[in-house]
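Engineer: Below you'll find the structure I mean.
Every read-out reported here was derived from the displayed coordinates using simple, explicitly stated rules and does not represent laboratory data. These numbers come from a predicted model, not from an experiment. Quick reminder, even Gly has a Cβ in these numbers, built from the backbone with ideal geometry, and neighbours come from all protein chains shown.
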Amino acid sequence: MEGIDEKISAIINHFHLNNFSFSKRIGVTGTTVDSIVNGRPQADGSRKKTKPGYDVLNAIIDTFNVNPDFLFSKSTIMLKSDVVKGQTYSGMPQVIAVNQTGDENVVYVPVKARAGYLDGYGDPEYIETLPSFNMPHLTNGTYRCFEVKGNSMVRTFFDGDLVFGKYVEDLNDIKDGRIYVIVSKNDGISIKTCH
């Protein structure tokens with residue numbers, strides 16, 4: 001994904017929007033977004049894409065909390081945080097990694113990276129250093145993969161197992177009897193059954 005038009009398309013797709021609804025969110029016309037992403041028809045039948053102005057780029061960054069490096073460099077980290085204007089939850093900031101088509105990747109946190117993850121989970125540069133990969137059936141949220149260390153849940157998980165977790169935005173969505181990966185500044189990373 002090289003061009004800014006492709007990156008803006010990836011943002012539109014990530015938030016499951018179309019050009020028109022995206023344009024309304026950032027306060028420009030649908031024609032403006034369409035000319036950036038798809039281009040304007042030319043006399044010879046080709047399409048010429050318009051470069052977005054500073055005001056459009058700034059609106060995208062502010063409205064969707066987009067990592068500016070994603071738009072202006074080769075960074076694959078799309079979002080600075082998953083907290084978008086209009087949401088009320090202001091919990092742990094979340095950074096995601098995307099592939100060339102704009103699909104969200106699962107970030108893998110091996111045991112040796114756990115200490116760094118506690119300090120860097122909201123830092124796009126740190127997240128970019130961790131391995132990430134695409135899991136075809138994990139497309140409806142932000143996922144992390146953690147390596148299990150220890151035997152505290154030996155009946156369910158063993159030392160060295162990999163656990164995939166989906167980011168929970170609203171603490172009210174935590175269900176009794178389910179297993180969760182808890183990321184805490186005080187207690188580190190742990191896997192627990194919540195009651």
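Engineer: Take peptides 35-45, 160-170 and line them up by average Cβ neighbours within 10 Å, highest first, as a rough protection proxy.
Structural biologist: Values: 35-45: 12.7, 160-170: 14.5.
Final packing ranking: 160-170, 35-45.
Engineer: Here is a follow-up. Using the count of nearby Cβ atoms within 10 Å as a rough guide to exposure, how do 2, 104, 128 rank from fewest to most?
Structural biologist: Working: 2 8, 104 22, 128 17.
In order of increasing Cβ crowding within 10 Å: 2, 128, 104.
Engineer: If each residue's Cβ is checked for other Cβ atoms within 10 Å, how do 153, 135 rank with the fewest at the top?
Structural biologist: Values: 153 16, 135 13.
Going from sparsest to densest Cβ surroundings: 135, 153.
Engineer: Of 155, 47, how do they rank once you tally other Cβ atoms within 10 Å and put the fewest first?
Structural biologist: Details: 155 6, 47 11.
Starting with the residue having the fewest Cβ neighbours, the order is 155, 47.
Engineer: Could you compute the FRET efficiency for residue 187 and residue 24, with r as their C-beta to C-beta distance and R0 at 41 Å, rounded to 0.05? Show your work: numbers first, answer last.
Structural biologist: On the way: r = 42 Å, r/R0 = 1.04.
That gives a FRET efficiency of 0.45.
Engineer: Say each of residue 164 and residue 69 gets a label point 7 Å from the Cα, pointing the same way as Cα to Cβ; how far apart are those two points in nm?
Structural biologist: So the two model labels end up 2.7 nm from each other.
Engineer: Can you tell me how much longer the chain between residue 156 and residue 43 gets when fully stretched, taken as 0.36 nm per residue apart minus their C-alpha distance, in nm with one decimal?
Structural biologist: Details: separation 113, 0.36 × 113 = 40.68 nm, distance 6.45 nm.
Gain on stretching residue 156 to residue 43: 34.2 nm.
Engineer: What's the magnitude of the charge dipole for the chain around its Cα centre, counting Lys and Arg as +1 and Asp and Glu as -1 at the beta-carbon? Answer in Debye, nearest 20. Intermediate results must be reported in sequence, preceding the final value.
Structural biologist: Numbers: 21 positive and 23 negative charges, 40 e Å.
Dipole about the Cα centre, nearest 20: 200 debye.
Engineer: Let me ask something else about it. Which one of 53, 76, 156 is farthest out on the positive end of the charge dipole of the chain, using unit charges on Cβ (Lys, Arg +1; Asp, Glu -1) and the Cα centre as origin?
Structural biologist: 53
Engineer: Helix-derived [θ] at 222 nm for the chain: sum -39500 (n - 2.57) over DSSP H runs of at least 4, divide by residue count, nearest 500?
Structural biologist: Roughly -7500 deg cm²/dmol at 222 nm, from the helical runs in the chain.
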